[in-house]
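*Asks:* To start, I am sharing the structure in question, which I have written as structure tokens.
The values are calculated or read from the model by the stated rules, or taken from the named source; none is laboratory data. In this text the structure is predicted, and so the values were computed from the model without any measurement. Each accessible area value is taken on the protein alone, full model and side chains, heavy atoms only, with ligands, DNA and RNA left out. Shrake-Rupley method; radii C 1.70, N 1.55, O 1.52, S 1.80 Å.
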Amino acid sequence: MNRFFADLHIHSRYSRATSSSLTVHSLDAWATHKGIQLLGTGDLTHPSWLSELEENLKPTDNGLYQLLPNRTYFVPTGEISAIYKQDGRTRKIHLLIIAPDLSAAKRFSKALGQIGNISSDGRPI
């Protein structure tokens, strides 16, 4: 069984209030610097980010993804913000999504795009 130091709740530069320098390469470099071996991709629903992930990440034999040269493992993740009213108050729940692979992430993004705007922010509401 593999054990990892992991950070699964991150965002890309396509989310509000994040650095414009967030790329897969910079995430890999900082994860390596901090001793994190498994990193969520963040923002798997954003079309531009998903394209970058597909272009840069290569599948490994353990079901995860890596850049070449091999350092940090990646797993497709994202966040959905659910906002609703209950008992006269606004409630907000952030749901962390972990996809089994980039193909599933792409299907999920496409389905979500049919009911909301997934291009305006990496954290769709």
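*Asks:* If I compute solvent accessible area with a 1.4 Å probe over the protein chains, what percent of it on the chain is carbon and sulfur? Provide the component values of the computation, followed by the final result.
*Replies:* Numbers: 4090 of 7560 Å².
Whole-percent figure for carbon plus sulfur exposure: 54.
*Asks:* Show me, bin by bin at 10 Å from 0, the whole-percent P(r) of the stretch 27-77 based on Cα pairs.
*Replies:* 27, 58, 15
*Asks:* Provide the per-residue ³J(HN,Hα) series for the stretch 115-120, in order, calculated from phi with Karplus coefficients 6.51, -1.76, 1.60 and θ = phi - 60°, each as a whole number of Hz, with x at glycine and proline positions.
*Replies:* 10, x, 8, 9, 8, 7
*Asks:* Moving on. How many lysine pairs does the chain hold where the Cα atoms are under 29 Å apart and the two sit 8 or more places apart or on different chains?
*Replies:* Counting lysine pairs in the chain gives 6.
*Asks:* Given a 1.4 Å probe, how much area per residue of the chain is accessible, in Å²? Don't jump to the answer; show the numbers that get you there.
*Replies:* Details: 7560 Å² over 125 residues.
Value returned for the chain: 61 Å² of accessible area per residue.
*Asks:* Project the alpha carbons of the stretch 40-109 onto their principal axes and report the range along each, largest first, in whole Å.
*Replies:* Its Cα atoms span 52, 20, 16 Å along the three principal axes.
*Asks:* Can you tell me the Rg and Dmax of the chain, counting just the alpha carbons, in angstroms?
*Replies:* In Å, with Rg to one decimal and Dmax whole: 15.0, 53.
*Asks:* What does the helix-only formula give at 222 nm for the chain: each DSSP H stretch with n ≥ 4 adding -39500 (n - 2.57), the total divided by the residues, and the result rounded to the nearest 500 deg cm²/dmol? Could you put the intermediate results ahead of the total?
*Replies:* Numbers: 3 runs with 33 residues, N = 125.
About -8000 deg cm²/dmol.
*Asks:* Over what distance in Å are the Cα centres of the stretch 47-67 and the stretch 72-123 separated?
*Replies:* 18 Å
*Asks:* State, as an integer percentage, the relative contact order of the chain based on alpha-carbon contacts under 8 Å between residues 6 or more apart.
*Replies:* Reported as a whole number, the value is 28 percent.
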